[in-house]
1. Name the residue that is nearest to Phe233 (Cα to Cα), counting only residues in the range 146-173 that are among the hydroxyl-bearing types (Ser, Thr, Tyr) and touching a residue at least 40 places away in the same chain (Cβ under 8 Å).
2. Restrict the check to the range 53-62 and report whether at least one residue is in a loop (DSSP other than H, G, I, E, B), touching a strand residue (DSSP E or B) at 6+ places or on another chain (Cβ under 7 Å) and either closer than 23 Å to Ala199 by Cα or not assigned by TED's automatic domain parsing to the domain that holds Thr27 (or both).
3. Given Phe211, Phe245, which one is more than 21 Å from Ser48 (Cβ to Cβ), touching a Phe, Trp or Tyr at 6+ places or on another chain (Cβ under 9 Å) and at pLDDT 95 or above?
4. For the range 130-145: of the residues being assigned to a helix (DSSP H, G or I) and not charged (D, E, K, R), which is surrounded by the fewest Cβ atoms within 10 Å (Cβ to Cβ)?
5. Which numbered condition in (1) out of contact with any strand residue (DSSP E or B) (no Cβ under 7 Å at 6 or more places or on another chain); (2) under 29 Å from Arg119 (Cα atoms) is the only one that Val6 fails?
6. Search the range 113-139 for residues that are closer than 24 Å to Thr99 by Cα and in contact (Cβ under 8 Å) with a residue 40 or more places away in the chain and pair each with any residue that is exposed (fewer than 12 other Cβ atoms within 10 Å of the Cβ) and among the polar types (S, T, N, Q) when their beta-carbon atoms are under 8 Å apart and the residues are at least 6 apart or on different chains.
7. Report every pair of residues separated by at least 6 positions or lying on different chains whose Cβ atoms are under 6 Å apart, first residue within the range 174-192 and under 21 Å from Asn284 (Cβ atoms), second among the basic types (Lys, Arg).
8. So how many residues does the range 6-57 have that are more than 24 Å from Cys268 (Cβ to Cβ), out of contact with any helix residue (DSSP H, G or I) (no Cβ under 9 Å at 6 or more places or on another chain) and aromatic (Phe, Trp, Tyr)?
Amino acid sequence: MLHFPVLLEESVDFLVNDMNGHYIDCTFGRGGHSNLILSRLGKKGSLSSFDKDPFAFKYGQSIKKDNFKIYHDSFQNLSKYFKNNSIDGILYDLGTCSTHLDDAERGFSFNKDGPLDMRFNNQKGIPLYEWLKDADVKEIIKILYKYGNEKHAKLISNAIDITRKKRPILRTIELSNIIKDIYPEKNTKVHPATKSFQAFRIFINNELEEFRSSLDVAKKILKKNGLIVTIAFHSIEDNIIKNFFRPEKKVFPKDIPLNNEEHRKFKCLAKKIRASEYEININNRSRSAVMRVFQKL
């Protein structure tokens, strides 16, 4: 199974501005970004990579380099491994690795039959099929709205509820067909289950909360002038990024004759970089990617 890292050259070109620096790849995946970062480092440079997925971790252990270490852990736990003001650059390539979608047994794909799992770390937590058995209908609706922007959340949730009263929903194709069969728009280019599968995946892996926590730690462990490079694949992730790096405002009461102040802790170096037409042609997943780059002041 091939994996094409998105915005590979562009992200690493920004990230590595000191060949002897210390860097973190928060989402190792299949090592595309990590390997290119390592190729840019000198003898004193180092890279630490993270991934919750046990298969990605095992793959990363095959990289035998003294200046590389991979951690089988969530990137929200960076503070366990690094001191404040110790890192030169941090990369976040968010979303799923294409190998998750290619492997039906992982339960991420709506067009391949497999167990309805969706956990990045399938050694912890509960799979989606188990959660769906007893989940409150209102909670399912909330998740589809919140994490998938799915306008037919109520319709989908009711269809899930009707089906699970007859039999447990255990397979990806079962859930995919439930959504497809009741979806009002029948002739769309995008599969009707796309947003729902995204929403359930984000929920079951606690993705957005862990990302917010990780950013809070990242700003502390980053050195002055250090860089954070983010690659987001949907508006929910991208809005978290924009809000996090927005300047903090100090608002004075109206009766105090002072203008409001903005405190900038980061400088935006690249606002909205997208994949080239060539990259989109060879990797359709890159069409929705947005890269942003921030420097700590």
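The values are calculated or read from the model by the stated rules, or taken from the named source; none is laboratory data. Note that this is a predicted model, so its numbers are computed, not measured. Note that each Cβ is placed from the backbone with ideal geometry, even for glycine, and that neighbours are counted across all protein chains shown.
1. First pass over the range 146-173, keeping only residues among the hydroxyl-bearing types (Ser, Thr, Tyr): 147, 157, 163, 172.
Checking the rest, the ones that are also touching a residue at least 40 places away in the same chain (Cβ under 8 Å) come to 147, 172.
On the way: Tyr147: 13, Thr172: 22 Å.
Taking the candidates together, the pick is Tyr147.
2. Of the residues in the range 53-62, the ones in a loop (DSSP other than H, G, I, E, B) are 53, 61-62.
Filter once more, so that each one left must be touching a strand residue (DSSP E or B) at 6+ places or on another chain (Cβ under 7 Å): 61.
In the following step, the residues that additionally are either closer than 23 Å to Ala199 by Cα or not assigned by TED's automatic domain parsing to the domain that holds Thr27 (or both) were identified as none.
Within the range 53-62, not a single residue is in a loop (DSSP other than H, G, I, E, B), touching a strand residue (DSSP E or B) at 6+ places or on another chain (Cβ under 7 Å) and either closer than 23 Å to Ala199 by Cα or not assigned by TED's automatic domain parsing to the domain that holds Thr27 (or both).
3. Details: Phe211 fails: more than 21 Å from Ser48 (Cβ to Cβ).
Within the list Phe211, Phe245, the selection yields Phe245.
4. Ranking the candidates gives Val137 first.
5. Going through (1) out of contact with any strand residue (DSSP E or B) (no Cβ under 7 Å at 6 or more places or on another chain); (2) under 29 Å from Arg119 (Cα atoms) one by one, Val6 breaks only (1).
6. Taking only residues 6 or more apart or on different chains, not a single pair turns up.
7. Pro192/Lys180
8. Counting residues in the range 6-57 that are more than 24 Å from Cys268 (Cβ to Cβ), out of contact with any helix residue (DSSP H, G or I) (no Cβ under 9 Å at 6 or more places or on another chain) and aromatic (Phe, Trp, Tyr) gives 1.
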